[in-house]
1. Looking at (1) farther than 26 Å from CYS59 by Cβ; (2) at pLDDT below 90, which is the one condition that is false for ARG186?
2. Does segment 634-661 hold any residues that are touching a Ser or Thr at 6+ places or on another chain (Cβ under 8 Å) and acidic (Asp, Glu), and which are they?
3. Looking only at segment 174-191, which residues are open to solvent by 10 Å² or more (accessible area, probe 1.4 Å) and assigned to a strand (DSSP E or B)?
4. Tally time: how many residues in segment 622-635 are in a loop (DSSP other than H, G, I, E, B) and either in contact (Cβ under 8 Å) with a residue 60 or more places away in the chain or touching an Asp or Glu at 6+ places or on another chain (Cβ under 7 Å) (or both)?
5. Suppose we filter segment 498-546 for residues that are open to solvent by 60 Å² or more (accessible area, probe 1.4 Å) and under 30 Å from the mean Cα position of the chain (by Cα); how many remain?
6. Within segment 206-219, identify whether any single residue is in contact (Cβ under 8 Å) with a residue 40 or more places away in the chain and basic (Lys, Arg), and answer yes or no.
7. Checking the structure you have, find out if any residue of segment 18-35 is of a type outside the set (Lys, Arg), within 20 Å of GLY601 (Cα to Cα), at pLDDT below 85 and part of a loop (DSSP other than H, G, I, E, B).
8. For the structure I just gave you, tell me whether LEU580 is assigned to a helix (DSSP H, G or I) and at pLDDT 95 or above.
Amino acid sequence: MGMHLIEALANAAPLAAASWLTDWHNWNLIAQVAVGLGAVIFVHELGHFLVAKACGVKCEKFYLGFDVFGLKLAKFRWGETEYGIGILPLGGYVKMLGQEDNPTKAAEEFERAKLAREAAEGDTLPEGEASAETSIFDPRSYLAKTVPQRMAIISAGVIMNVIFAFAVAVIAYKMGVKENPCVVGRLWPGDPAWTAGLRPGDKIIRIGDIENPRFRNLQQRVALGDNLDKGVKFVVEREGASEPLEFTIYPDPTGLAPRIGIFSASTTQLAKPPIVPVAPLGGKDSPFKPGDTIAAIAGKNVATNADVQRELAQNVGPTTVTVLRKLNENDSEQVPIELPGRPLKRLGIAMEIGAIAAVQAGSPADKAGWKKGDLLVSIDGEPIGDPETLNDRLLKRAGQEVTIVTRRDGQQSEQKVTLREPYAVEDPLTPAEPLVLNTLGVGIRVTTRVASVEPGGPAEKAGIAAGAEVVAARLPPQNVKLDDKDVEFKVEFGEAADKASWPFFVEQLQNTLADTKVTLTLADKREVEVDVAASNEWNPDRGFNFEPLYVEVRAATMSEALKLGSNEAVESVAQVYRFLRKIGTAQVSPKGMGGPLSIFGVAHQSASKGVSALLIFLGMLSANLAVLNFLPIPLLDGGHMVFLILEGIRGKPVSERVVIAFHYAGFLFIISLMTFVFALDLGWISRLP
């Protein structure tokens, strides 16, 4: 699988929750997915079957799935062929007379044929010297056919998959395909796009030489692009800017694939649930309803999700949110809702501030000349204090000038900095992210060494003192059912890829229920329980859940649909080759691959967006199957084609010993690969780099 799968793996929801299984709509989606995946396999095998029949080859079986140990869900016989559905839904096969992919049975077939030839000719032939003329195979055997005929049979499945990818894409674009426009939604704090100065709401109009890109073009260009060390050129349109802005962004090469840290955009319409249950006004009695559209915040109209982010970041305390609520098809009403502030949940503990991890281009920090590795010492002569409350304290002085002392290489310097109004809530989204001070445009590290404890606070009551170091933390299950998961949250702190930052952990605290206790593991091996308590500072993240932003691409004419469909098919095929090449150069991790469970999960997500989205995914999957099947790997169609090419060049078949040896090698490779992707799907192998 290529980038489409990588993009979706992190978001694929588990399908086994009881509430999920009782929803008939989900069973309808499962049926769509099953039929769609079955169609991809069916057309591949149908290609082999039809061309084999046309060449006069006897086809003994035509199966979807594998009937291992003779187990099958259904079967019937029509003419000389048995048709059926095997018990193992991992592909399909056409069994032709004389063809064996099983190395052991292939060896038996070679030996039987050799003995038959020797008996017929009265002499022992040198190994591998049999030709079509000397063969006494059944005339309807696959092995009795000429090299060109066998090439046609082998390549037919791949050709059918490419045709299928084209056909379903044409149908999808005629129906209308929902695409994520290339608009910046949120940014990963400290990642390359954030550091370069991109903002939510920016519309990307060119990436390299790609004009008017879609969001998936961005993902593919970054992850599978060439010469990434020279940066990727972006041109964006920004509200309020008189002309397009140009950026050169250098992707982060760590992770499953290079990234720049951009999420696709959302609308201003609330999804389900409209607000997380643990946030103020969340839960089943929330005055916010799915489908409500946020129209104003603090009396200021908002038109885009970027506007919403900005106003929420600047109005962190109690405020008024006005929503537009549909009454019927023609009528709506404006509903003002008083939204309380969301107190920042803390442990009564302040950690030591760490070094600057990232500076945003054009920000107050950038203008002050700050660099990665600098350390904030004081603000207007006062100690920094708890880094986690710094955003709330600085927001009160947005627009004002402050004096900040920093330290670099042991030398302190003083700068006067004008704090800006924040344009977005920038909480840590992944474990390794720094804490962003959005009024300064800087990301800072926060250590796990305790600088101070609040007198009489939860940490002091638990026996934690200044100087202690926290190495791990554990949160009990919250029973919130945000995504049908109810599991214990555990984290270890550190700089490694499988470790987390303190700001990320504090972000998890915000979604805890009342009376929750956190178990902290200290460096001295002690485990202490600490109460989670609301503070006097505000958490700017209100917990709203928005619908994604889509634009529909619909072909107005059949010729336009054919053009869009052909472009989609060609792009899907080319993308698989690029993906494999980037795995070979280690630009993309093989842990980005997915097995049957991942494929089913992504297909389910696509089906939930509509039939056209599922068709586009199936076309991409069919292109994947075409390319992967035609790789020169023994047992795959491409491996068979290599042997046929050699036979055509040499004028005689490749030695059966060589063929059998390579069949065994191919069998071991495929089994190893399937074991690897299954282990990834099941979590037995971590996807962390």
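1. (2)
2. ASP637
3. Within segment 174-191, LYS178, GLU179, PRO181, VAL183, ARG186, LEU187 meet the criteria.
4. Number of matching residues: 2.
5. Result for segment 498-546: 2.
6. yes
7. Yes: one or more hits.
8. The answer is no for LEU580.
The values are calculated or read from the model by the stated rules, or taken from the named source; none is laboratory data. All of these numbers come straight from a predicted model, not from anything done at the bench. All Cβ positions, even for glycine, are placed from backbone atoms using ideal geometry, and neighbour counts span all protein chains on display. Note: areas computed on protein heavy atoms with side chains; ligands, DNA, RNA excluded. Shrake-Rupley method; radii C 1.70, N 1.55, O 1.52, S 1.80 Å.
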